[in-house]
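**Student:** The structure is given below, and queries will be raised subsequently.
The values are calculated or read from the model by the stated rules, or taken from the named source; none is laboratory data. This one's a predicted model, so the numbers in the text were calculated from it and none came from an experiment. When we count neighbours, we look across all protein chains shown, and the Cβ atoms used for this are built from the backbone with ideal geometry, even at glycine.
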Amino acid sequence: MRPAGVLLDMDGVIYRDDELVPGADALIRRLQEEHIPFLFCTNNTEKHPTEYRSKLEKIGIHVDASSIYSAAHATAEALASRHAQGNFFTLGTAGFKRVLREHGLDVAADGHGSIDGVVIGELRQLDYGLLCQAVNAVTAGTPLYGSNPDILIPSQEGSIIGCGAIAGMVAKAAGAAVHFFGKPALEMIESAAARLGVHCEGLLVIGDNLQTDIAMARAAGVPSILTLSGLTEQRDIERSPYKPDRVIDSVAKLREEPLEYWPTGIGNVRLG
Ligand SMILES: [Mg+2]
């Protein structure tokens, strides 16, 4: 069965750091030529979609910024549905805050005053005073949200601390729980399906991360393909409770295959 839409993770699937995964550009051209709706679907909320579009452009992938769907969108849409025009004390990058504002939300620079929640995204700088304000607001009963649960993000300089670890620190200090909207949360795949205008069950998920990409696909009951071009090795699959339908070395494998051969069933891992 041909997928109604495809969700493609980026890091480890389309590129590694700033380098194209060979064949990824050909797959994207194919999806465009065959008019198969797709979204780049990333948990990383560091950059605004326009910045991701520029990054993709540099490696030969030409798409609109609207083709890029990050956990920032899933977070913004979920928060806007709970608190239209809400005011959120946000710790995150400029790109993350911009997405929240584009969804009609107010972004407070500190934890004082009336706020509807504390929101944590990716950070490259930490301010101890602001973290304490976040903890105090959450301790006082303000809900705590995180864009994604990723603890570490691989980079050329070694791993860097992800949103999940920072939000986890605030949650631990406040003795509260944090609600994440990025993969593997169902909010992410449901809002991505809505963006594409297709039913969630018609989606195919392609990713390199068992705990996020594949876990989300399994939770939603949709087929998934794991690529070994990123952070997962073959031996990790046996140990994981989240099994993909198919495992391939990289998306180069999907450049020319008839799409009807893409997986339609759940539970039987196919290699190659
Ligand atoms: Mg990835």
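**Student:** So, Leu27, is that one within 16 Å of the ligand (Cβ to nearest atom), touching a residue at least 12 places away in the same chain (Cβ under 8 Å), in a helix (DSSP H, G or I) and in contact with a helix residue (DSSP H, G or I) (Cβ under 6 Å, 6 or more places away or on another chain) or not?
**Tutor:** Answer is yes for this residue.
**Student:** Out of Ile225, Ile161, report the one residue that is away from the ligand (no atom under 16 Å from the Cβ), surrounded by 16 or more Cβ atoms within 10 Å (Cβ to Cβ) and under 20 Å from Arg16 (Cα atoms).
**Tutor:** Ile161
**Student:** Would you say Ala72 is surrounded by fewer than 20 Cβ atoms within 10 Å (Cβ to Cβ) and in a helix (DSSP H, G or I)?
**Tutor:** no
**Student:** Can you spot a residue in the range 208-222 that is polar (S, T, N, Q), surrounded by fewer than 23 Cβ atoms within 10 Å (Cβ to Cβ), in contact with a helix residue (DSSP H, G or I) (Cβ under 6 Å, 6 or more places away or on another chain) and at negative phi?
**Tutor:** no
**Student:** In the range 30-53, what count of residues is obtained for those that are more than 16 Å from the ligand (Cβ to nearest atom), among the charged types (D, E, K, R) and without any contact (Cβ under 8 Å) to a residue 60 or more places away in the chain?
**Tutor:** Result for the range 30-53: 3.
**Student:** Kindly list the number of the only condition in (1) away from the ligand (no atom under 16 Å from the Cβ); (2) in contact (Cβ under 8 Å) with a residue 40 or more places away in the chain that fails for Ile59.
**Tutor:** Single failed check for Ile59: (1).
**Student:** Okay, moving on. Return the residue satisfying two criteria in turn: it lies in the range 1-15 and is in a loop (DSSP other than H, G, I, E, B) and within 16 Å of the ligand (Cβ to nearest atom), and of such residues it is nearest to the chain's Cα centre (by Cα).
**Tutor:** It comes out as Asp9.
**Student:** Something else about it: Just to check your reading of the model, which residue among Ser155, Ser54, Ser114 is of a type outside the set (Lys, Arg) and not in a loop (DSSP other than H, G, I, E, B)?
**Tutor:** Sole residue among the options that is of a type outside the set (Lys, Arg) and not in a loop (DSSP other than H, G, I, E, B): Ser54.
**Student:** Scan the range 75-91 and give yes if some residue there is in contact with a Phe, Trp or Tyr (Cβ under 6 Å, 6 or more places away or on another chain), of a type in the set (A, V, I, L, M) and not assigned by TED's automatic domain parsing to the domain that holds Gly146, otherwise no.
**Tutor:** Yes: the range 75-91 contains one or more residues that are in contact with a Phe, Trp or Tyr (Cβ under 6 Å, 6 or more places away or on another chain), of a type in the set (A, V, I, L, M) and not assigned by TED's automatic domain parsing to the domain that holds Gly146.
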